[in-house]
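What follows is a single structure, written as structure tokens, with notes after it.
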Amino acid sequence: MDSKTMVEDLLKNYRSMRRNLENLKLEIEHFTGQSYDQVIEELTFAAPVGERVQNNNVSDKSSRIALIYRNVADGQNQEILQALYERFCAQKMELDMLEYRIKLLEPKLSEVMWDMFVHGLSWSQLCDKYSVSHTMIGKYRKKGIVELAKLYDVMKSVV
């Protein structure tokens, strides 16, 4: 995907990405994970893996099983939380980089792009705020996308 298309997609989806980021943050903050009962059900209906070894340690069998299912539950919960956190970090970095690059644009262009995509102002509201025509707002938008694409291209050439 070329930089211009990527920038257009990022700008178009900015508000939904911001909402998703807040949702991920909330999920991470209030993460409870799978209950031990859910894990017991999973382990009960799962097919055994590995060799089967007969052992005569019947007395501590219940405690070993309990320890195993707690370890499995804690491991699964940790994996789920880690995946949520990684998604959160990736999306946050993407949005932070976009916002930073918008602020790097020339001041007037930066303001228009910020109001259009971050604040979600309509074209009519932008025309009233900046006292320009719809055509001029369209030119600002087009120029802003081209300039942002150039900033992304600079990053690609460095990496």
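The values are calculated or read from the model by the stated rules, or taken from the named source; none is laboratory data. This structure is a prediction, so every number in the text was calculated from the model and none was measured. Here the Cβ positions follow ideal geometry from the backbone for every residue, glycine too, while neighbour counts run over all protein chains shown. All accessible areas refer to the heavy atoms of the entire protein, side chains included, with ligands and DNA or RNA removed. Shrake-Rupley method; radii C 1.70, N 1.55, O 1.52, S 1.80 Å.
In degrees from 0 to 90, rounded to the nearest 10, what is the angle of the helix 134-158 Cα long axis to the longest principal axis of the chain?
For 134-158 against the chain, the angle is about 50 degrees.
Select from D115, D74, D37 the residue whose mean-square fluctuation is largest in a Gaussian network model of the chain (Cα-Cα springs shorter than 10 Å).
Ranking D115, D74, D37 by mean-square fluctuation puts D37 first.
Measure nothing fancy, just the Cα-based angle from helix 61-104's long axis to the longest principal axis of the chain, in degrees from 0 to 90, nearest 10.
Here the helix axis deviates by roughly 10 degrees.
If you line up the long axis of helix 3-12 against the longest principal axis of the chain, both from Cα atoms, how many degrees apart are they, to the nearest 10?
80 degrees
Using Cα pairs under 8 angstrom and six or more residues apart, how large is the relative contact order of the chain, in percent?
Result for the chain is 36 percent.
With a 1.4 Å probe and all protein chains in place, put K108, K142, K129 in order of accessible area, largest first.
Most to least solvent-accessible, the answer reads K142, K129, K108.
Quick check for you: with a 1.4 Å probe and neighbouring chains kept, what is the accessible area per residue of region 90-159, in Å²? It would help to have the intermediate numbers written out before the result.
Numbers: 4170 Å² over 70 residues.
Roughly 60 Å² per residue, with all protein chains present.
Anyone know which of R15, R64, R141 comes out most mobile in the 10 Å Cα GNM of the chain?
R64
At 1.4 Å probe size, with the rest of the protein present, what percent of the exposed accessible area of the chain is carbon and sulfur atoms?
54 percent
Name the shape class, rounded, prolate or oblate, that the alpha-carbon gyration tensor gives for the chain, where a ≥ b ≥ c are the square roots of its eigenvalues, rounded holds for a/c under 1.5, and otherwise prolate holds if a/b is larger than b/c and oblate otherwise.
prolate
Would you mind telling me which residue in L24, L67, L126 has the biggest mean-square fluctuation in a Gaussian network model of the chain, where springs connect alpha carbons within a distance under 10 angstrom?
L67
Compute the distance in nm between two label points, each set 7 Å from the Cα along the Cα-to-Cβ direction, one at E8 and one at C89.
Placing both labels 7 Å beyond Cα along the Cβ direction yields 3.3 nm.
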